[in-house]
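> Supplied in structure tokens, the structure appears directly below.
The values are calculated or read from the model by the stated rules, or taken from the named source; none is laboratory data. In this text, all values refer to a predicted model and were calculated from it rather than measured experimentally. Glycine also receives a Cβ, built like all others from the backbone with ideal geometry; neighbour counts cover every protein chain displayed.
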Amino acid sequence: MNADVSFLVSLGNHLWQSTVCVGIVWILVIALKKNRSSVRYWLWFAASFKFLIPFSALLALSSRLSWRNVATAVQAQRSFILDKAVEPFTSAIAPAHAVSPHTAFGFAPILIAVWLCGVAFGVAVWISCWTRMRRVRSNATPLPFGLPIPVLSSASQIEPGVFGIFRPVLLLPHGIESHLTLSQLDAILAHEMAHVRRRDNLTAVIHMVVETMFWFHPLVWWIRATLMEERELACDEEVLLRGGEPEAYAEGIIEICKSYVGSPVACVSGISGADLKRRIVRIVNRRVGENLSPGRRLLLSAIAIAAIAGPLGFGLLSAPRLRGQSSQTASAPLPSFDVASVKANKSGVRGGTIDAHAGRLTITNIPLRMCIRAAFHLQDYQLSGGPGWLTSERFDIIATTDAPTADEQLLLLLQNVLADRFKLAMHRETKEMEESALLVGKDGPKLKRVEPAGHDWVRTGVGRITGQEVSMLELANTLAQKLGHPVADQTGLSGVFDITLEWIPDSATPVNPAENKEAPSLESTSDPSGPSIFTAVQEQLGLRLEPRKGAVDVYVIDHVEEPTPN
């Protein structure tokens with residue numbers, strides 16, 4: 001998928017995960033409705049903050065924290081199942097082999113442009129409001145109230161509020177003492193200082209970032225209103241717990257709401273922001289929430305740990321250290337061959353074969369690097385590291401098993417041979433590299449669709465690919481072999497085709513026999529006046545290769561030795 005579609009898919013996965021977190025918090029808030037408002041406030045803030053931290057970020061972090069020795073086949077199955085649960089849109093919305101660029105996500109750039117316009121509008125609104133408050137502050141004059149933060153008198157008619165995050169000041173409207181009695185003013189000041197102690201302006205700014213980035217999500221705006229309500233209720237509770245007079249406090253709030261307007265910026269902590277009638281009733285009745293019981297504290301701690309440890313654990317499981325599947329180190333190893341023979345081939349012949357059939361794997365005159373690629377189903381660009389003899393030295397490997405084993409599984413069993421006889425150890429990394437998307441050309445495909453008859457094969461040579469009953473995914477993989485970087489099928493073409501493709505290569509590319517369904521022709525020539533591979537794909541197949549950048553899993557060889565004697 002292209003960058004725009006990839007962005008939308010990642011965003012879709014992140015949004016549903018964050019929405020589920022909001023639902024979990026909502027359930028917890030209902031269960032804790034008799035407890036302090038500050039507890040509910042921090043739960044809602046956690047739900048808001050989750051929008052800024054995709055699970056994929058935790059997965060990426062954990063993949064670099066630890067390496068594990070596990071069986072690749074078992075890990076791949078587990079990773080596939082968990083990926084389906086964690087990121088369902090990756091395959092459900094845009095599988096590379098099933099989505100046509102002409103019909104799917106053609107509106108992706110439009111959606112991204114609309115999103116960016118919304119972000120820009122939100123940023124402009126916040127800057128305008130913030131600038132207004134900065135002007136109010138700069139025109140205010142100091143008052144000698146003796147509070148831990150500066151108190152300023154403003155000629156504006158905004159309600160009392162704390163402005164600033166790291167160096168906050170308390171802004172009071174000019175002449176407020178004429179509207180409030182001394183006890184009422186003391187209660188209002190206690191309320192504002194509660195905002196300061198709770199760092200409400202900082203958390204409000206963080207949620208403002210969430211609002212700006214996810215302006216299209218209705219739950220984000222619902223969380224905003226809920227946060228403002230719970231923070232005011234939490235400050236009310238703190239005023240009462242510190243000995244504030246309920247009647248004077250309630251009267252002071254009513255007088256403030258009657259005489260002044262609220263702040264234009266949500267991150268200025270003032271007096272309003274919650275249901276006034278509900279607040280007055282709670283204050284007059286001295287209604288203060290209960291402290292958390294030890295059991296509920298333990299439950300919330302366990303949920304918080306699970307929310308962080310879950311993605312980290314999944315990332316650890318999804319970032320294995322591969323050791324060729326040695327049965328001594330793999331927690332669920334692949335079965336081994338009953339008999340395996342490894343010998344160096346000194347014939348000097350260039351060509352070689354790999355044959356897997358009827359419980360017997362026969363590798364003749366193949367470099368070890370190619371054996372590793374075949375065993376782990378890797379393209380050449382996915383394997384790096386190791387000594388030079390991995391390519392220069394060739395080997396004959398004969399391995400048999402009496403256990404019922406499908407032919408396609410025999411190469412996986414080769415992983416055990418590589419670990420036991422060559423002491424192979426690798427690890428996986430993610431690397432950004434050039435890649436290509438295989439798309440339908442503007443004039444449509446020039447391919448001969450055939451009915452599958454079980455006679456499928458692909459042959460590759462220097463500047464040539466031929467095949468019968470070839471799927472677009474197989475063609476993309478073969479092109480990736482020739483180009484030396486990933487190729488993603490985005491043609492949306494189903495079925496199988498007869499393929500003939502010829503071009504003038506930049507340099508001769510060695511052929512991997514393990515990837516051919518029949519023994520390939522290792523030598524092939526092309527017309528010197530022929531096209532490049534990119535032109536040939538467009539002119540001969542009616543397709544096109546579109547370059548781009550992408551993240552690719554690569555495998556780095558950490559250790560390998562010459563084979564032990566038979």
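> Scan region 422-443 residue by residue and report those that are assigned to a loop (DSSP other than H, G, I, E, B) and among the small types (Gly, Ala, Ser).
Taking region 422-443 as the starting set, the residues that turn out to be assigned to a loop (DSSP other than H, G, I, E, B) are 423-424, 441-443.
Residue satisfying the conditions is Gly441 alone.
> Just to be sure I understand the filter: pairs with C-beta atoms under 6 Å, separated by 6 or more residues or on different chains, first member in region 276-303 and closer than 19 Å to Glu245 by Cβ, second member among the aromatic types (Phe, Trp, Tyr) and at pLDDT 90 or above. Which pairs pass?
So the pair list comes out as Ile283/Tyr249.
> For region 444-461, what are the residues that are buried (at least 20 other Cβ atoms within 10 Å of the Cβ) and outside any strand (DSSP E or B)?
Across region 444-461, the qualifying residue is only Leu447.
> Go through region 202-235 and report how many residues are in contact with a Lys or Arg (Cβ under 7 Å, 6 or more places away or on another chain) and farther than 20 Å from Ile253 by Cβ.
Summing the residues that are in contact with a Lys or Arg (Cβ under 7 Å, 6 or more places away or on another chain) and farther than 20 Å from Ile253 by Cβ in region 202-235 gives 2.
> Conditions first: (1) in a helix (DSSP H, G or I); (2) more than 30 Å from Glu562 (Cα to Cα); (3) at pLDDT below 90; (4) not charged (D, E, K, R). Ala476 passes all but one, so which condition is the exception?
It fails just one condition, (3).
> Within the bounds of region 302-311, is there any residue that is at pLDDT below 70 and either closer than 30 Å to Ile372 by Cβ or surrounded by 14 or more Cβ atoms within 10 Å (Cβ to Cβ) (or both)? Reasoning before the result, please.
Residues of region 302-311 that are at pLDDT below 70, as a first pass: 310-311.
Next cut, either closer than 30 Å to Ile372 by Cβ or surrounded by 14 or more Cβ atoms within 10 Å (Cβ to Cβ) (or both) only: 311.
Yes: region 302-311 contains one or more residues that are at pLDDT below 70 and either closer than 30 Å to Ile372 by Cβ or surrounded by 14 or more Cβ atoms within 10 Å (Cβ to Cβ) (or both).
> Identify, from the list Asp402, Asp396, the residue that is in the same structural domain as Thr478 (by TED's automatic domain parsing), touching a Ser or Thr at 6+ places or on another chain (Cβ under 7 Å) and surrounded by fewer than 21 Cβ atoms within 10 Å (Cβ to Cβ). Before the answer, list the steps.
Details: Asp402 fails: touching a Ser or Thr at 6+ places or on another chain (Cβ under 7 Å).
Result of the check over Asp402, Asp396: Asp396.
> Give me the residue from region 224-262 that is surrounded by fewer than 19 Cβ atoms within 10 Å (Cβ to Cβ) and under 19 Å from Cys21 (Cα atoms) and, out of that set, farthest from the chain's Cα centre (by Cα).
This residue is Ala225.
Every residue, every condition in (1) surrounded by 20 or more Cβ atoms within 10 Å (Cβ to Cβ); (2) polar (S, T, N, Q); (3) closer than 17 Å to Val556 by Cα; (4) at pLDDT 85 or above, yes or no:
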site	(1), (2), (3), (4)
Ser327	no, yes, no, no
Ser341	no, yes, no, yes
Arg350	no, no, no, no
Thr353	no, yes, no, yes
Ile363	yes, no, no, yes
His377	no, no, yes, yes
